[in-house]
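**Q** Sharing a structure below in structure tokens format, with a few things to ask.
The values are calculated or read from the model by the stated rules, or taken from the named source; none is laboratory data. Predicted, not measured: the structure shown is a model, and the values here were computed from it. Using ideal geometry, Cβ is built from the backbone for each residue, glycine included, and neighbour counts are taken over all protein chains shown. Just the protein is used for accessible areas: all its heavy atoms, side chains included, with ligands, DNA and RNA removed. Shrake-Rupley method; radii C 1.70, N 1.55, O 1.52, S 1.80 Å.
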Amino acid sequence: MSNTQIQIFDTTLRDGEQVPGCKLNTAQKIIIAKQLDLLGVDIIEAGFPVSSPGDFKSVEEISKIVTNASVCGLTRSVENDIKVAAEALKYARKPRIHTGIGTSDSHIIHKFKSNKDAIIERAVRAVSYAKSFVEDVEFYAEDAGRTDNEYLAKVCEAVIKAGATVLNIPDTTGYCLPQEYGAKIKYLKENVKGIDKAIISCHCHNDLGLATANSIEGIVNGARQIECTINGIGERAGNTALEEVVMILKQHPYLNLDTNINTTMLYGISQLVSDSMGIYTQPNKAIVGANAFAHSSGIHQDGVIKNRETYEIIDPKDVGVTESAIVLTARSGRAALAYRAKNIGVELTKLELDIVYAEFLKFADTKKEVLDTDIHQIIETSKIYK
Ligand code: KIV
Ligand code: ZN
């Protein structure tokens, strides 16, 4: 893997699916996993096999059909979890076990009622045991965002020695600021012996709306894998949105960081996940929301009609959206009305446009959006006899 290549680890089917209301059956998961594989993600986290027979079955079936990506199963640092995950992954061409434990004081004291040395011992035991089944073992230091860097570095060093190939540094509670998360990754790069033997992974939650910014700051500081979900679904306020990090890297080529993602599939897979889960995507969602390429104010519409790039930094075709939309509302101007009228076959002269526009504004004030059928009616009411 080149040093400019960012691995995309998709956890839609694990961190995304574990959310109330997002439950999928095995058949639905297989359809999504196939699309994720075609999309070009490098790793598909297919589930948490020990959590239920249904999840076990899904991981097993997904392992059979994925042809390019690695297939990953989540575990706690518990022997039985790891054994069951290895069993569920036995048909995978490229299996990965994802094991880990909480490392923040809060997790060590309240969750495990343990101490720092004992946690390192458990972490090492889990990684060594996972290594007895598969070569590719990812370790997560849960709540790394609130773990002090010196202790986190000790944990990382110990699990690398035990054979971890990937170090996941989750901001589990979505607490970190971007510069803080970036500095954490930099600290690990500079202070963990053997760090070059492992890939550092960003796994950020969106409790303060910073998941995407934190992930980007993580890779700028040396991480080479991002864990993310389609539409940013996931625990509480969600995970880093796959479509956002991928498009940030594409739109900022000077960062010299790339992914394997076929971006023209992004809109379609967003719809597939949203429809399968019955989870509606907010209209203003970056990249895949219904309004992401829609222009409604007169000033913006005039600009976009003259040249799309005046108000769009992404060509909608690059993410699988057919074209930008000029939406007619009471804030729209003459240029937008003329454009939409022309689209339905009516060319208005300047004088005609002035008359129809006055009628349009009266009508638009009574409606949220003016549709093509309304335009015909407005032209008729204007008595210009087109
Ligand atoms: O947010 C988190 O810490 C996780 C781990 C289980 C990887 O999802
Ligand atoms: Zn998570």
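**Q** I need the full set of residues from the range 363-373 which are free of Cβ contacts under 8 Å to residues at least 40 places away in the same chain, of a type outside the set (G, A, S) and in contact with a helix residue (DSSP H, G or I) (Cβ under 9 Å, 6 or more places away or on another chain), in order please.
**A** Of everything in the range 363-373, those that are free of Cβ contacts under 8 Å to residues at least 40 places away in the same chain, of a type outside the set (G, A, S) and in contact with a helix residue (DSSP H, G or I) (Cβ under 9 Å, 6 or more places away or on another chain) turn out to be F363, K367, D372.
**Q** How about the range 171-207: which of its residues are of a type in the set (S, T, Y) and within 16 Å of ligand 2 (Cβ to nearest atom)?
**A** Passing the criteria: T172, T173, Y175, Y181, S201.
**Q** Could you list, in sequence order, all residues of the range 361-380 that are farther than 13 Å from V327 by Cα and open to solvent by less than 80 Å² (accessible area, probe 1.4 Å)?
**A** Residues satisfying the conditions are L361, F363, I378, I379.
**Q** When you go through G174, G182 one by one, which is the residue that is over 24 Å from P95 (Cβ atoms) and within 16 Å of ligand 1 (Cβ to nearest atom)?
**A** Only one candidate qualifies: G174.
**Q** Of (1) under 21 Å from T99 (Cβ atoms); (2) surrounded by fewer than 22 Cβ atoms within 10 Å (Cβ to Cβ); (3) of a type outside the set (K, R), G40 satisfies all except one. Which?
**A** Of (1) under 21 Å from T99 (Cβ atoms); (2) surrounded by fewer than 22 Cβ atoms within 10 Å (Cβ to Cβ); (3) of a type outside the set (K, R), only one is false for G40: (1).
**Q** Consider only pairs whose beta carbons are under 6 Å apart and that are at least six residues apart or on different chains; among these, list those whose first residue lies in the range 1-25 and is open to solvent by 30 Å² or more (accessible area, probe 1.4 Å) and whose second residue is at pLDDT 95 or above and within 14 Å of ligand 1 (Cβ to nearest atom).
**A** As it stands, the answer is Q7/Q225, since those pairs meet every condition given.
**Q** So in the range 106-147, with the set limited to residues that are touching a residue at least 40 places away in the same chain (Cβ under 8 Å), more than 13 Å from E79 (Cα to Cα) and more than 13 Å from ligand 1 (Cβ to nearest atom), which one is surrounded by the most Cβ atoms within 10 Å (Cβ to Cβ)?
**A** V137
**Q** Would you confirm whether any residue within the range 208-219 is touching a Leu at 6+ places or on another chain (Cβ under 7 Å), away from ligand 2 (no atom under 16 Å from the Cβ) and assigned by TED's automatic domain parsing to the domain that holds L272?
**A** For the range 208-219, residues touching a Leu at 6+ places or on another chain (Cβ under 7 Å), away from ligand 2 (no atom under 16 Å from the Cβ) and assigned by TED's automatic domain parsing to the domain that holds L272: present.
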